[in-house]
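**Student:** Structure incoming, see below.
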Number of protein chains: 2
Amino acid sequence: MKICIVGLGLIGGSYAMGLSLKGHEVYGIDQNIKSIEYAKEKNYIKEGFIDEYHILSKCDCIILAIYPQAILDFLKQHSHLFKEDQVITDVCGVKSSFVRKATLLAGKATYLSHHPMAGKEKIGIEYADASIFKGANFLLTPIDSLHPHAEEVLKQIAKDLEFGRITTISIERHDQMIGFTSQLTHAIAVSLVNSDQDEDTVKFIGDSYRDLTRIAMINDTLWSELFLENKEYLLEHIINFEKELDILKNALKHNDKDTLKQLFNQSTQIRRKMEK
Amino acid sequence: MKICIVGLGLIGGSYAMGLSLKGHEVYGIDQNIKSIEYAKEKNYIKEGFIDEYHILSKCDCIILAIYPQAILDFLKQHSHLFKEDQVITDVCGVKSSFVRKATLLAGKATYLSHHPMAGKEKIGIEYADASIFKGANFLLTPIDSLHPHAEEVLKQIAKDLEFGRITTISIERHDQMIGFTSQLTHAIAVSLVNSDQDEDTVKFIGDSYRDLTRIAMINDTLWSELFLENKEYLLEHIINFEKELDILKNALKHNDKDTLKQLFNQSTQIRRKMEK
């Protein structure tokens, strides 16, 4: 396929790397000349563009790897270049706030949003690494019935990047679940690290603290957008989490060993089912 | 050295494995004949005992790898076997509740408590693995000035098991810090998993959820003891964490993007310093 990736950051760069390796003809668009030069030098892309967009009309698939708020602007500006049989997609971590509008703006092309559930606590194409997708969850989020051609294109991309399970769900269901598994976890990690009141903590950490707080290294611009665009679901999940923590806190206060053990057994059972 | 390990579970078994490999003469005591047979078969120990304790008087170092509440009972029952120049230690995750008493019960022997900051979400010697200690934090927790011989013995063990940084601290400071880096993280992981209200969550998880919740698979007997024995510090840490989460929640409620970004920047800076 001829594929154009808009936004050569960590995720866009990793897509470019993985898809080029699998023999696709990959092009890149980015505002940053250095990202384009880097991508060319590493053979992640065949050609890159900063302010020249005609490549968009020549590709089978356009992957928007930019922030949610930038997507609608981009689509508006370039909708005259989109063609029938083209598939446009994005990699955003929230969907409800823009996918319906994006679908309209895609015009003749078919818009099919997806979400690659993988990443790194780094920013920029220098950290691109296609292996992060291996075995990861891939979520397809159509707004109504799946368009067969677009589904085929996205599934091919998922396959070529070696994703694991592909799940098709509505954008609302996506945002509800991602609010829990992704945004709540980031909210917790950030709050845990920020509640650290000691200079010497590093001397007392084991793998558990390291694993739990890795995602507290977080891209502030991207994640503040994601949090606010999924505010309602995220608030609901935070409140449910706080209720559970309160149960544990009260058991502790009242020296209630049985309740503690019961909570530990419950979490062990639920979590064990999720082992790869 | 001649070393006797009391309790051949995951940690005791991993110590036996690693110390035998480094040429020490390791003996084991356990109530479970199967654990002893397994340890002998794998050459983790030279000999093992279920209800015969004379080996205790023949060793240079006795490592108690049993639950906090069992330690004092064990010391009481066998204090007549302890000798001068012997070093007795334990691997417990809390210290204040028993180390002073243990030191008295050790009689002629020198008691020097320590804490290996490594583990696995598994129970039993079948999962023993000495490589978990490689590079990990090793905490020495004397109750007053360090006894030079005991310090030397423990540092040799830390070196042979390939631990990283060795830090010497009081038992109170230990419990305060471990309440934060270890017990709070477990409380959070357990509560997060228990707040999961969906059957299909596994389809929506990425590495962040996996990493954050791995320790929700937890040994209920051990950890309910650890939590309750460190109750005061742990409650304090939970409350501080809840305050931070509230700040984030309120920023979200009021669409306060600047505060969100500031929280993300703060956590990124603090956490980045902890990278290995």
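Only the coordinates and a few stated rules stand behind these numbers; no lab work does. In this text the structure is predicted, and so the values were computed from the model without any measurement. Neighbour counts are summed over all protein chains in view; Cβ atoms, including those assigned to glycine, are modelled from backbone coordinates with ideal geometry.
**Student:** Can you tell me which of (1) closer than 30 Å to A:Ile171 by Cα; (2) surrounded by 14 or more Cβ atoms within 10 Å (Cβ to Cβ) is the one A:Phe49 doesn't meet?
**Tutor:** Going through the list (1) closer than 30 Å to A:Ile171 by Cα; (2) surrounded by 14 or more Cβ atoms within 10 Å (Cβ to Cβ), A:Phe49 breaks only (1).
**Student:** Out of the residues in the range B:250-260 that are surrounded by fewer than 18 Cβ atoms within 10 Å (Cβ to Cβ) and within 8 Å of another protein chain (Cβ to nearest Cβ), which is farthest from A:Ser191 (Cα to Cα)?
**Tutor:** B:Asn255
**Student:** Moving on. Considering only residues of the range A:202-220 that are at the interface with chain B (Cβ under 7 Å from one of its Cβ atoms) and more than 24 Å from B:Met217 (Cβ to Cβ), which is surrounded by the most Cβ atoms within 10 Å (Cβ to Cβ)?
**Tutor:** The extreme case among them is A:Ile218.
**Student:** Would you pick out the residues in the range B:230-272 that are within 31 Å of the chain's Cα centre (by Cα) and not in a helix (DSSP H, G or I)?
**Tutor:** Scanning the range B:230-272 gives a single hit, B:Asn230.
**Student:** Next question. Could you identify the single residue in B:Glu225, B:Glu275 that is more than 7 Å from chain A (Cβ to nearest Cβ), outside any helix (DSSP H, G or I) and either within 26 Å of the chain's Cα centre (by Cα) or surrounded by fewer than 18 Cβ atoms within 10 Å (Cβ to Cβ) (or both)?
**Tutor:** Result: B:Glu275 is the single residue among B:Glu225, B:Glu275 that is more than 7 Å from chain A (Cβ to nearest Cβ), outside any helix (DSSP H, G or I) and either within 26 Å of the chain's Cα centre (by Cα) or surrounded by fewer than 18 Cβ atoms within 10 Å (Cβ to Cβ) (or both).
**Student:** Let me ask something additional. I'd like the full set of residues that are closer than 22 Å to A:Ser131 by Cβ, away from every other protein chain (no Cβ under 11 Å) and surrounded by fewer than 18 Cβ atoms within 10 Å (Cβ to Cβ), limited to the range A:153-190.
**Tutor:** A:Lys155, A:Gln156, A:Lys159, A:Glu162
**Student:** Under the condition of being under 25 Å from B:Gly23 (Cβ atoms) and of a type in the set (Asp, Glu), which residue from the range B:113-152 is nearest to the other protein chains (Cβ to nearest Cβ)?
**Tutor:** It comes out as B:Asp129.
Residue-wise test of (1) within 22 Å of B:Asp60 (Cβ to Cβ); (2) in a helix (DSSP H, G or I).
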site	(1), (2)
B:Ala102	yes, yes
B:Gly135	no, no
B:Ser145	yes, no
B:Ala158	yes, yes
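**Student:** Just to be sure before I move on: is A:Val193 touching a Lys or Arg at 6+ places or on another chain (Cβ under 8 Å), without any contact (Cβ under 8 Å) to a residue 12 or more places away in the chain, among the β-branched types (Val, Ile, Thr) and at the interface with chain B (Cβ under 9 Å from one of its Cβ atoms) in the structure I sent?
**Tutor:** When the stated conditions are applied, A:Val193 does not pass them.
**Student:** Something else: Across the range A:104-122, what is the total count of residues that are in a loop (DSSP other than H, G, I, E, B) and within 16 Å of A:Ala70 (Cα to Cα)?
**Tutor:** So the answer is 1.
**Student:** Oh, and also: In the range A:261-271, what residues are at the interface with another protein chain (Cβ under 7 Å from one of its Cβ atoms) and surrounded by fewer than 23 Cβ atoms within 10 Å (Cβ to Cβ)?
**Tutor:** Scanning the range A:261-271 gives A:Lys261, A:Asn265, A:Gln266, A:Thr268, A:Ile270.
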